[in-house]
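> One structure follows; several queries about it will come next.
The values are calculated or read from the model by the stated rules, or taken from the named source; none is laboratory data. Everything numeric in this text was worked out from a predicted model, so none of it was measured. Using ideal geometry, Cβ is built from the backbone for each residue, glycine included, and neighbour counts are taken over all protein chains shown.
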Amino acid sequence: MTLFLYKAVDAEGKVVRGQLDAANDADLDLRLERLGLELIDVREQSAEAFPLIKRKVKRQDLITFCFHLEQLTRAGVPLLEGLTDLRDSLDHPQFRQTIGNILDEVEGGKMLSEALAMHPAVFDSLFVNLVKAGEQSGRLPEIFGRLTESLKWQDEMIAQAKKAVMYPAFVGVVVTGVLFFMMIYLVPQLVSFMKNMGQELPLHTRVLIAVSNFFVHFWYGVLMTPLAAFAAVKIAARRSPAFRYRLDGLKLRLWLVGPILKKITLARFASFLGLLYNSGISMLQALKICEGIANNAVIAGGIEQAGRQIGEGQGITASFQNTGLFPPLVIRMFKVGETTGALDTALANVSYFYDRDVKESIGRLQTLIEPALTVILGLLMGWIMLSVLGPIYDTISKLKT
């Protein structure tokens, strides 16, 4: 496939510009016809040349995709007609083109899961494998329904996480702005006055002046150092699996935040594992897929360890217990599910347990963070005011006496 930059007109005569994958010019013309466009001009362009101008397909777009196909397939509408209707109703240009490409592949004889797998940037391995399981079992509408619920659940979890960091981030920005203003502008204005008072400045005032001088002369370093450190850590984690493993382990041990990150990751793992297993995918294959979506090397390593032990003939409960990732209550749920043969129900209970625990933990964290940040801001302002006004007050007191 080649990426073509095209100019076309729609049925109303409006000029439309865009890019589309096609085998050749004739194939591009045919694809644009299916989109209701008439080709005017075209030029070939490598797919890597414009990686930043594409609008990312968001989770809401995937929810629309799953819900649309669930309703149509459940109503007995043929898949090709459902994909055509979905393509024609989308406003997202790149996603519309992706659906058009999928439609062409399905018309060419490919299974839907095979067509989806050709677009890994939009449909991950979890999505593709679930659709494949639905095709094999004849439960495609049910799979799309579960994918819709799973994507909505992910949205809710992300909203909870954003809620926890929104207030601290806002206060952090305000504190940083106030600190820079006072250190770079306000304190230097008062330094000459305090030095001309003719008395020895207290230690905390001398420290404030030193900090202010550092901000004045190296303000760019103060701003750039955190960004450079963050970039360096990201690059090192990408290039060194050992460093990433240690970094991910540190994330899980961070005070207050670490346990919540661990619960969010395990909640995602339990939800997806239950979804895969309940869709007819074997436990070993489901665990292999979940390794790639864990987004944490330590937890992915634990999942890989559990899968290896299960493959060697060890029980599911004992294998998960040996990872050391799950609390006793969750292990008990696995044991009951394995004993009764209702492992899918046990996995649903594990997902519910972590879902509820994450929400409660985020609520408690937010309750703690708000007053803590207020106290930190108050202490910072108090230190600056004491360091500036203290010497002035002492001088005035001596003049009165």
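> Just give me the residues in region 108-120 being in contact (Cβ under 8 Å) with a residue 12 or more places away in the chain and farther than 17 Å from L69 by Cα, in sequence order.
Selection gives M118, H119.
> Based on what the data block shows, is G76 at pLDDT 80 or above and in contact with a helix residue (DSSP H, G or I) (Cβ under 6 Å, 6 or more places away or on another chain)? Even if it seems obvious, please write down each step before you answer.
On the way: at pLDDT 80 or above: yes; in contact with a helix residue (DSSP H, G or I) (Cβ under 6 Å, 6 or more places away or on another chain): no.
No.
> List the residue pairs whose Cβ atoms are under 8 Å apart, where the first residue sits in region 159-175 and is small (G, A, S), the second is part of a helix (DSSP H, G or I), and the two are 6 or more positions apart or on different chains.
A161/I264; A161/I362; A164/I260; A164/I362; A164/L365; A164/Q366; A164/I369; G172/L373
> State which residue is nearest to V375 (Cα to Cα) when the search covers only region 137-151 and only residues that are assigned to a helix (DSSP H, G or I) and of a type in the set (G, A, S).
Among those that are assigned to a helix (DSSP H, G or I) and of a type in the set (G, A, S), it is S150.
> Listed residues M197, M183; which is part of a helix (DSSP H, G or I), modelled with pLDDT under 85 and of a type outside the set (S, T, Y)? Break it down stepwise before answering.
Values: M197 fails: part of a helix (DSSP H, G or I).
Answer to the selection: M183.
> Still on this structure, I have one more. E105: surrounded by 14 or more Cβ atoms within 10 Å (Cβ to Cβ) and either in contact (Cβ under 8 Å) with a residue 60 or more places away in the chain or in a helix (DSSP H, G or I) (or both), yes or no? So that I can check it myself, show each step before the final result.
Working: surrounded by 14 or more Cβ atoms within 10 Å (Cβ to Cβ): yes; either in contact (Cβ under 8 Å) with a residue 60 or more places away in the chain or in a helix (DSSP H, G or I) (or both): yes.
Yes: the conditions hold for E105.
> A300 passes all but one of (1) touching a residue at least 12 places away in the same chain (Cβ under 8 Å); (2) part of a helix (DSSP H, G or I); (3) surrounded by 15 or more Cβ atoms within 10 Å (Cβ to Cβ); (4) out of contact with any Ser or Thr (no Cβ under 9 Å at 6 or more places or on another chain); which number fails?
Going through the list (1) touching a residue at least 12 places away in the same chain (Cβ under 8 Å); (2) part of a helix (DSSP H, G or I); (3) surrounded by 15 or more Cβ atoms within 10 Å (Cβ to Cβ); (4) out of contact with any Ser or Thr (no Cβ under 9 Å at 6 or more places or on another chain), A300 breaks only (1).
> Is there any pair with a first residue in region 353-382 that is within 24 Å of V330 (Cβ to Cβ) and a second that is modelled with pLDDT of 80 or more and among the β-branched types (V, I, T) whose Cβ atoms are under 6 Å apart and which are 6 or more apart or on different chains, and what are they?
What qualifies is V358/I264; S361/I260.
Matching residues to (1) surrounded by fewer than 17 Cβ atoms within 10 Å (Cβ to Cβ); (2) in contact with a Leu (Cβ under 6 Å, 6 or more places away or on another chain); (3) at pLDDT 85 or above:
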residue: L90; (1), (2), (3): no, no, no
residue: Q94; (1), (2), (3): no, no, no
residue: T98; (1), (2), (3): no, no, yes
residue: M118; (1), (2), (3): yes, no, yes
residue: T148; (1), (2), (3): no, no, yes
residue: I158; (1), (2), (3): yes, no, no
residue: V165; (1), (2), (3): yes, no, no
residue: V178; (1), (2), (3): yes, no, no
residue: L190; (1), (2), (3): no, no, no
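Per-residue answers, yes or no, for (1) over 30 Å from K263 (Cα atoms); (2) assigned to a loop (DSSP other than H, G, I, E, B); (3) not charged (D, E, K, R):
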| position | (1), (2), (3) |
| --- | --- |
| V122 | no, yes, yes |
| K132 | no, no, no |
| E135 | yes, no, no |
| W153 | no, no, yes |
| M157 | no, no, yes |
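> Now, a different point. Look at T374 and say whether it is more than 30 Å from P168 (Cβ to Cβ) and surrounded by fewer than 16 Cβ atoms within 10 Å (Cβ to Cβ).
Numbers: more than 30 Å from P168 (Cβ to Cβ): no; surrounded by fewer than 16 Cβ atoms within 10 Å (Cβ to Cβ): yes.
In short, no.
> On to the next question. Given the options I281, I264, I260, name the one that is closer than 27 Å to E338 by Cα and in a helix (DSSP H, G or I). Write out each step before concluding.
Details: I281 fails: in a helix (DSSP H, G or I); I260 fails: closer than 27 Å to E338 by Cα.
Residue meeting the stated conditions: I264.
> From F326, F334, grab the single residue that is closer than 19 Å to A267 by Cβ, more than 25 Å from the chain's Cα centre (by Cα) and surrounded by 19 or more Cβ atoms within 10 Å (Cβ to Cβ). Quick ask: steps written out before the conclusion?
Numbers: F326 fails: more than 25 Å from the chain's Cα centre (by Cα).
Being closer than 19 Å to A267 by Cβ, more than 25 Å from the chain's Cα centre (by Cα) and surrounded by 19 or more Cβ atoms within 10 Å (Cβ to Cβ) holds for just one of F326, F334, which is F334.
> Are any of the residues in region 217-236 over 30 Å from M183 (Cβ atoms) and either free of Cβ contacts under 8 Å to residues at least 12 places away in the same chain or loosely packed, with under 12 Cβ neighbours inside 10 Å (or both)?
Within region 217-236, the first condition is being over 30 Å from M183 (Cβ atoms), and the residues that meet it are 235-236.
Filter once more, keeping what is either free of Cβ contacts under 8 Å to residues at least 12 places away in the same chain or loosely packed, with under 12 Cβ neighbours inside 10 Å (or both): 235-236.
Yes: region 217-236 contains one or more residues that are over 30 Å from M183 (Cβ atoms) and either free of Cβ contacts under 8 Å to residues at least 12 places away in the same chain or loosely packed, with under 12 Cβ neighbours inside 10 Å (or both).
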